[in-house]
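Student: For reference, the structure I am asking about is given below.
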Amino acid sequence: MKAIVCVKQVPDTSGVVAVKADGTMDRAAMATITNHDDLAAVEAALELKDKTGCEVIVVSMGPPPAEGMLRELIAMGADRGVLISAREFGGSDTYATSQIIAAAVNKIGVDKEDVVFCGRQAIDGDTAQVGPQIAEKLGLPQVTYAADIDKDGDKLTIKRLLEDGHMMLSVETPCLVTTVKELNNPRYMNVGLIQECFDKPLDIFDYEALKDEPLIDPDTIGLEGSPTNVYKSFSPPAKGACQMLEGSDRGTVDELTGILADKHLI
Amino acid sequence: MNFQLTREQELTKKMVEKFCEEVVAPVADDMDVEHEFPVDIVKQMGELGMMGIMWPKEYGGAGGDYIQYCEVIERLTAAHAAVGTVVAAHTSLCTGPIYYYGTEEQKQEWMVPLAKGERLGAFGLTEADAGSDSGATQTTAVDMGDHWLINGSKIFITNAGYADTFVITAMTDKKLGTRGGISFFIIDKDDPGFSTGAEEDKLGIRCSSTRELIFEDCKIPKDRLVGKVGQGFKIAMGTLEKARIGVAAQGVGVAQGAFEITKEYMGQRKQFGKTINKFQYPAFTMAELYTRIEAARLLVMRAADLADKGMPCGTESAMAKFYASEIAMDMATKGVQFHGGYGFINDYSIQRYFRDAKIMEIYEGTSEIQKLIVSGAILR
């Protein structure tokens, strides 16, 4: 049994956003972290490994430095990594990205008892589209927003986190699950595993490795092939200091309406 | 010469920084007030391979090196000195001699659970009348044919209240004294005739456990002797030689932690219309202190590198220890000073660093003993 976890390296939210001339983000110029929801997916897979002894494979699409992130995930307990990296894949939107990742997951192989994990969404794009699209392309049943996961044989019982409550679902493997960061507390790297993580297998899937996969259509990958194009990326200007008004009396309301009127908002 | 950390050392640093930020630092002040031994943190560190960093995997360790060990000790201490103390005493002082001097059977039985963090370790050398003069040991071990009989006591033993395994020195032949008269033994917390005294109430590192070890006709099996009869003093000194690298890393940690807190405070505190880090005297003082912290860290890394290469490091670890503990004390003192009146109030963390710094100049060989070692080596 395998748990395949799709992970994205994202800009550190405490840093500044760097933008390239074509409007996409200049990832190489920004400090990076592992996407929070994806770390929850890794932890969910590692907990499954603790219980069942399954193999955990971490998969990421990104520039070559993303290997560093995969090594860190191996130091947390993953068994091996796959880095999908090629110039041809650069600038892909969610449609193109999910196509490429689905092809990579297909190449790794999804067997009867396997589970594919994805984080709900990445903090940079915030689309929450890639996980579900991978499931569609692989023909797997999918459960999104998992806040609790229980596995019994080839059946998973999942608590979905919804805006106004929870939904309990049961799904058969193989399937795809997207996780939210509330699911768990990701473990730390282990010093013993840090010693081993650079010797564990890490395959690079480049364009050559994936181009003949049936799920790949060379015309719909990369920046050129993506149906959506980023018009502009920018750091929003900082908002001004917040002014607090105390009180619930008429005077306070008058003060508020006065301020709003001064700014021509009312 | 290479000042670059390896990939493994970089990741270890990243891991311990995150662990300290999320787990250790947030509880440090409260635990210090309560004198609470960090039971849960120690358990978690064991699971993360932090209780046997530089020991080989076949003996339960993480398979890392002394540099990684020092990175971990420094950061733990920067967050909460007592936690650094617990790990250092456990790793270097207790597990160390079993690894370097124990038999294969002793390593399997005693070292593996220590290195995995399943059991906690302590080291007993100091006695009421044998401090710096550790050769003046009064505790005795008598060969009774089928067992050893131990009588006496050890004082100021770190981890004593929570340790499962102890290593101690005891006099086996008073006539021979230091050279050949002292032997080294492993004690289990449940050995008959063995007990620990009350917790000491200390100035600093108040979350660490410090107690007396009491041996009253304590009977231990013959296979608890480490090394040969009479090698105890040599084993203890060899153990301290490497363990000092860890204490030196603690010194750097106290200094670094005090520096970070003070830097933050100086960036917020305004007097005469500007933050106090904009005044030249405190700014230059911080520059000097920071340079000395970095110099101390390099001394620590130099000693750690020698230990990793299996080379003698006695002089280097002694220099690292007295220099690092001195900067710990100086940084903490200046830290309190730059906090002004707030530095004297227990609501501010800097006072904890001030109290914790002092022990660095005392335990595992006082600064004076370190200078004795260094002068002995350089003035021969």
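The values are calculated or read from the model by the stated rules, or taken from the named source; none is laboratory data. Computed from a prediction, not measured in an experiment: that's the story for all the values here. Using ideal geometry, Cβ is built from the backbone for each residue, glycine included, and neighbour counts are taken over all protein chains shown. For the accessible areas, the whole protein counts, side chains as well, though only heavy atoms, and no ligand, DNA or RNA atoms are used. Shrake-Rupley method; radii C 1.70, N 1.55, O 1.52, S 1.80 Å.
Student: What percent do you get for the relative contact order of segment A:100-201 when only Cα pairs under 8 Å and 6+ apart count? Intermediate results must be reported in sequence, preceding the final value.
Tutor: Details: 155 pairs, mean separation 30.2, N = 102.
This gives 30 percent for segment A:100-201.
Student: With contacts defined as alpha carbon pairs under 8 Å and 6 or more residues apart, what's the relative contact order of segment B:7-115 in percent?
Tutor: Details: 109 pairs, mean separation 30.3, N = 109.
Computed value for segment B:7-115: 28 percent relative contact order.
Student: Also, quick follow-up: Antiparallel versus total DSSP beta bridges in the protein assembly as shown: what percent is that, nearest 5?
Tutor: Working: 46 of 78 bridges.
In the protein assembly as shown, approximately 60 percent of DSSP beta bridges are antiparallel ones.
Student: So what J values fall out for segment B:329-344 if you push phi through Karplus, 6.51 cos²θ - 1.76 cosθ + 1.60 with θ = phi - 60°, rounded to Hz, Gly and Pro as x?
Tutor: Once θ is set to phi - 60°, the couplings for segment B:329-344 become 5, 5, 5, 5, 5, 5, x, 4, 4, 6, 7, x, x, 4, x, 9 Hz.
Student: Take the Cα of B:Ser195, step 7 Å along the line toward its Cβ, and report every residue of segment B:113-157 whose backbone nitrogen sits under 18 Å from that point.
Tutor: Within reach of a label on B:Ser195, which here means backbone N under 18 Å from a point 7 Å along Cα→Cβ, segment B:113-157 contributes B:150-157.
Student: List, in order, the whole-Hz ³J(HN,Hα) value for each residue of segment A:157-171 obtained from phi through the Karplus relation with A = 6.51, B = -1.76, C = 1.60 and θ = phi - 60°; use x for Gly and Pro.
Tutor: So the Karplus estimates, Gly and Pro as x, are 10, 10, 9, 8, 8, 10, 4, 10, x, 10, 10, 9, 10, 10, 9 Hz.
Student: If you don't mind, there's one more thing I want to ask. Given 5 Å bins starting at zero, what is the percent of C-alpha pairs of segment A:22-165 in each, up to the one with the largest pair distance?
Tutor: All Cα pairs, binned at 5 Å, distribute as 2, 8, 18, 23, 23, 14, 7, 3, 1, 0 percent.
Student: Note the direction-averaged projected area, equal to a quarter of the hull surface, for the Cα convex hull of segment B:312-380, in nm².
Tutor: On the way: hull surface 20.1 nm².
Orientation-averaged projected area of the Cα hull: 5.0 nm².
Student: Any idea how far the Cα center of segment A:240-260 sits from the one of segment B:183-231, in Å?
Tutor: If we compute the Cα centre of each part, the gap is 69 Å.
Student: Most fluctuating residue of B:Glu264, B:Glu326, B:Glu241 in a GNM of chain B with Cα springs under 10 Å: which is it?
Tutor: Taking springs between Cα atoms under 10 Å, the residue moving most is B:Glu264.
Student: Okay, moving on. Using R₀ = 41 Å, calculate the FRET efficiency as 1/(1 + (r/R₀)^6) where r is the Cβ-Cβ separation of B:Glu105 and B:Arg380; round to 0.05. Numbers along the way, then the final one.
Tutor: Details: r = 39 Å, r/R0 = 0.96.
Once rounded, the FRET efficiency stands at 0.55.
Student: Ordered by packing density, taken as the mean number of other Cβ atoms within 10 Å over each peptide's residues, highest first, how do B:130-142, B:202-214, B:43-55 rank? Display every interim value, and only then the final one.
Tutor: Working: B:130-142: 17.6, B:202-214: 21.8, B:43-55: 24.7.
In descending order of packing, they fall as B:43-55, B:202-214, B:130-142.
Student: Same structure again: Rule-of-thumb check for segment B:7-115: C-alpha Rg over 2.2 N^0.38 Å?
Tutor: Values: Rg = 13.9 Å, N = 109, 2.2 N^0.38 = 13.1 Å.
Relative to the rule-of-thumb radius for its length, segment B:7-115 sits at 1.06.
Student: Could you list the square roots of 5 times each eigenvalue of the Cα gyration tensor of chain A, that is, the equivalent ellipsoid semi-axes, sorted largest first and rounded to whole Å? Intermediate values should be presented prior to the final figure.
Tutor: Working: eigenvalues 272, 119, 72 Å².
After scaling each eigenvalue by five and taking roots: 37, 24, 19 Å.
Student: Kindly provide the Kirkwood hydrodynamic radius of segment B:121-233 in Å, to one decimal, from all pairs of distinct alpha carbon atoms. Mind showing how you got there, number by number?
Tutor: Working: mean 1/r = 0.0718 Å⁻¹.
So the Kirkwood estimate lands at 13.9 Å.
Student: Segment B:31-68: which residues show an accessible-area loss of 30 Å² or more, assembly versus chain alone, 1.4 Å probe?
Tutor: B:Leu48, B:Lys57, B:Ala62
Student: In chain A, once you exclude exposed chymotrypsin sites (Phe, Trp or Tyr not before Pro) (DSSP loop, at most 15 other Cβ within 10 angstrom), what's the longest stretch remaining? Walk me through the intermediate numbers first.
Tutor: Working: sites that count: A:Phe198, A:Tyr231, A:Phe234.
Between the exposed loop sites, the longest stretch runs A:1-197.
Student: Let me ask you something else. Over 21 Å between Cα atoms: which of A:Lys112/A:Lys151; A:Lys51/B:Lys57; B:Lys263/B:Lys334; B:Lys174/B:Lys202; A:Lys2/A:Lys112; B:Lys321/B:Lys358 fall into that group?
Tutor: Numbers: A:Lys112/A:Lys151 14 Å; A:Lys51/B:Lys57 23 Å; B:Lys263/B:Lys334 11 Å; B:Lys174/B:Lys202 33 Å; A:Lys2/A:Lys112 10 Å; B:Lys321/B:Lys358 13 Å.
Table pairs above 21 Å Cα-Cα are A:Lys51/B:Lys57; B:Lys174/B:Lys202.
Student: List the pair-distance distribution P(r) of segment A:33-78, using every Cα-Cα distance, as the percent of pairs falling in each 10 Å bin from 0 up to the bin containing the longest distance, rounded to whole percents.
Tutor: Pairs per bin, as whole percents: 27, 56, 16, 1.
Student: What FRET efficiency would be calculated for the residue pair B:Lys228, A:Asp199, taking the C-beta separation as r and a Förster radius of 25 Å, to the nearest 0.05?
Tutor: Between B:Lys228 and A:Asp199 the formula returns 0.05.
Student: Could you look at segment B:7-115 and say what percent of its accessible area is carbon and sulfur, using a 1.4 Å probe and all protein chains?
Tutor: Numbers: 1750 of 3670 Å².
So the carbon and sulfur contribution to the accessible surface is 48 percent.
Student: Quick one: grab the alpha carbon gyration tensor of segment A:151-266, order the square roots of its eigenvalues as a ≥ b ≥ c, and give me rounded if a/c is under 1.5, else prolate or oblate depending on whether a/b is larger than b/c. Don't skip to the end; give the middle numbers.
Tutor: On the way: a/c = 2.29, a/b = 1.76, b/c = 1.30.
The shape class here is prolate.
Student: Something else now. Would you mind listing how long the protein assembly as shown runs along its three principal axes, going by Cα atoms, in whole Å with the largest first?
Tutor: Projected onto the principal axes, the Cα atoms of the protein assembly as shown cover 90, 67, 52 Å.
Student: Here's something else I'd like to know. Say each of A:Ile108 and B:Asp308 gets a label point 7 Å from the Cα, pointing the same way as Cα to Cβ; how far apart are those two points in nm?
Tutor: For A:Ile108 paired with B:Asp308, the spin-label model returns 3.2 nm.
Student: How large is Rg/Rh for segment B:287-338, to two decimals, with Cα atoms and a Kirkwood Rh? Present the calculation step by step, with values, prior to reporting the outcome.
Tutor: On the way: Rg = 12.6 Å, Rh = 11.5 Å.
Using Cα coordinates only, the ratio equals 1.09.
Student: Given a cut-off of under 8 Å on Cα pairs at least six residues apart, what relative contact order in percent is computed for chain A? Show your work: numbers first, answer last.
Tutor: Values: 531 pairs, mean separation 65.1, N = 266.
Value for chain A: 24 percent.
Student: OK, next. Between A:Ala241 and B:Glu288, what is the spin-label point distance in nm, taking each point 7 Å from the Cα along the Cα→C-beta axis?
Tutor: My value for the distance between the label points is 3.7 nm.
Student: How tilted is helix B:232-268 with respect to the longest principal axis of chain B? Cα atoms for both, answer in degrees (0 to 90, nearest 10).
Tutor: On a 0 to 90 degree scale, this one is about 20.
Student: Provide the per-residue ³J(HN,Hα) series for segment B:162-177, in order, calculated from phi with Karplus coefficients 6.51, -1.76, 1.60 and θ = phi - 60°, each as a whole number of Hz, with x at glycine and proline positions.
Tutor: Each residue of segment B:162-177 in turn: 10, 6, 9, 10, 10, 10, 9, 9, 8, 6, 9, 8, 4, 4, 7, x Hz.
Student: Report the accessible surface area buried between chains A and B, summing both sides, using a 1.4 Å probe on protein heavy atoms only, in Å² rounded to the nearest 100.
Tutor: Numbers: alone 14380 and 17010 Å², together 29910 Å².
Roughly 1500 Å² of accessible surface disappears when A and B pair.
Student: Within 13 Å, Cβ to Cβ, of B:Glu58, how many net charges do the neighbouring residues add up to if Lys/Arg are +1 and Asp/Glu are -1?
Tutor: On the way: positive: B:Lys57, B:Lys107, B:Lys116; negative: B:Glu104.
That sum, taken over residues with Cβ under 13 Å, equals +2.
Student: Would you calculate, for chain B, the mean residue ellipticity at 222 nm contributed by helices, counting each DSSP H stretch of 4 or more residues as -39,500 (n - 2.57) and dividing by all residues, to the nearest 500? Intermediate values should be presented prior to the final figure.
Tutor: Numbers: 13 runs with 183 residues, N = 380.
Per the formula, -15500 deg cm²/dmol.
Student: When ligands, DNA and RNA are left out and all protein chains stay put, how many square angstrom of accessible area per residue does segment B:52-166 have with a 1.4 Å probe? Before the final figure, lay out the partial values.
Tutor: On the way: 3410 Å² over 115 residues.
So segment B:52-166 comes to 30 Å² accessible per residue, rounded to a whole number.
Student: Still on this model: Using modelled backbone amide H atoms (1.01 Å from N, in-plane), which distant-in-sequence or interchain residues come within less than 5 Å of B:Ile187's amide H?
Tutor: B:Phe166, B:Val167, B:Ile168
Student: Let me know the shape class of chain B, please: from the alpha-carbon gyration tensor, a ≥ b ≥ c as square roots of the eigenvalues, rounded when a/c is under 1.5, otherwise prolate if a/b is greater than b/c, or oblate. Write down the numbers at each step before the final one.
Tutor: Details: a/c = 1.80, a/b = 1.75, b/c = 1.03.
Judged from the Cα gyration tensor, chain B comes out prolate (a/c at least 1.5, a/b above b/c).
Student: Next question, about the same structure. Please report, as a whole percent, how much of the solvent-accessible surface of chain A comes from carbon and sulfur atoms (probe radius 1.4 Å).
Tutor: 50
Student: Also: If you take each beta carbon of peptide B:15-21 and count the beta carbons of other chains within 10 angstrom, what is the mean? Don't jump to the answer; show the numbers that get you there.
Tutor: Values: counts 9, 3, 0, 2, 2, 0, 0.
Counting Cβ atoms of other protein chains within 10 Å of each residue's Cβ and averaging gives 2.
Student: Can you give me the C-alpha center-to-center distance between segment B:40-66 and segment B:83-158, rounded to a whole angstrom?
Tutor: Going from one Cα centre to the other spans 19 Å.
Student: Shape call for segment B:116-178 from the C-alpha gyration tensor, a ≥ b ≥ c root eigenvalues: rounded (a/c under 1.5), prolate (a/b greater than b/c) or oblate? Show your work: numbers first, answer last.
Tutor: Values: a/c = 2.61, a/b = 1.34, b/c = 1.95.
Oblate, because a/c is 1.5 or more while a/b does not exceed b/c.
Student: Something else: Counting only protein heavy atoms and using a 1.4 Å probe, what share of the accessible area of segment B:234-378 belongs to carbon plus sulfur, as a whole percent?
Tutor: Numbers: 3870 of 6510 Å².
Heavy-atom surface of segment B:234-378 belonging to carbon and sulfur, 1.4 Å probe: 59 percent.
Student: Let me ask something else about it. So if I take the centroid of the Cα atoms in segment A:31-54 and the same for segment B:302-376, what is the distance between those two points in Å?
Tutor: 40
Student: Going by a 1.4 Å probe on protein heavy atoms, which residues of segment A:180-213 end up with at least 40 Å² less accessible surface in the whole assembly than in their chain alone?
Tutor: Buried on complex formation: A:Tyr188, A:Met189, A:Asn190, A:Val191, A:Ile194, A:Gln195, A:Phe198.
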